[in-house]
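For reference, the structure is listed below as structure tokens.
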Amino acid sequence: MEVVTPNGFAKTQESPLGPVWKPDLYKLQQEAPHPCLVACTKCIDRPGHYGDEFHGRLSHQLASELLTEDGCFLVRYSGPEHSPICTLSLRFRNKVKHYRLYYDGQHYVLEKTIRLR
């Protein structure tokens, strides 16, 4: 049962801690697997903004093989040798997904857009 409080929050049976802003988002967070870093300690060309999750140049296939359970993730170089692209590879709901990453002080997963002034 869902009860909406005067401030617009919803309190559900799934939330023993109190009001929840978005019950469907809360439920999704509760069902999500715990993150599981696939560490690489031998990478020599690691960018400064990545840690042990960075594996250097790694194929799509090999990255998929390393992600053995839901929640596992790693970051790798993909794309052409002269212009490597950082890619986040992760396993969720028994499927491996690969996302292009951008970094300019913050991480971006979606394509960046150019704003014209």
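The values are calculated or read from the model by the stated rules, or taken from the named source; none is laboratory data. Please read these numbers as outputs of a predicted model, since none were measured by experiment. Cβ: placed from backbone, ideal geometry, glycine included. Neighbour counts: every protein chain shown.
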Checklist entry - Can you name every residue in the range 33-45 that is touching a strand residue (DSSP E or B) at 6+ places or on another chain (Cβ under 8 Å), surrounded by fewer than 17 Cβ atoms within 10 Å (Cβ to Cβ) and over 15 Å from TYR99 (Cβ atoms)? => result PRO33, CYS36, LEU37, ILE44, ASP45
Checklist entry - If you go through the range 60-80 one residue at a time, how many are in contact with a strand residue (DSSP E or B) (Cβ under 8 Å, 6 or more places away or on another chain) and assigned to a loop (DSSP other than H, G, I, E, B)? => result 6
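Answer yes or no: is there a residue in the range 18-28 that is touching a helix residue (DSSP H, G or I) at 6+ places or on another chain (Cβ under 8 Å) and modelled with pLDDT under 80. Explain how you work it out, then say what you get.
From the range 18-28, those touching a helix residue (DSSP H, G or I) at 6+ places or on another chain (Cβ under 8 Å) are 20; that's our starting set.
This time we only want the ones that are modelled with pLDDT under 80, so: 20.
Yes, because at least one residue in the range 18-28 is touching a helix residue (DSSP H, G or I) at 6+ places or on another chain (Cβ under 8 Å) and modelled with pLDDT under 80.
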Next on the checklist: If I filter the range 99-109 down to residues being under 12 Å from the mean Cα position of the chain (by Cα) and part of a loop (DSSP other than H, G, I, E, B), which single residue comes out as modelled with the highest pLDDT?
Outcome noted: LEU101
Checklist entry - Residue check, VAL96 against (1) of a type in the set (A, V, I, L, M); (2) modelled with pLDDT under 90; (3) touching a helix residue (DSSP H, G or I) at 6+ places or on another chain (Cβ under 7 Å), all met but one. Which one? => result (2)
Checklist outcome for this item: Counting only residues in the range 64-86 that are crowded, with 17+ Cβ neighbours inside 10 Å and hydrophobic (A, V, I, L, M, F, W, C), the one modelled with the lowest pLDDT is identified as CYS86
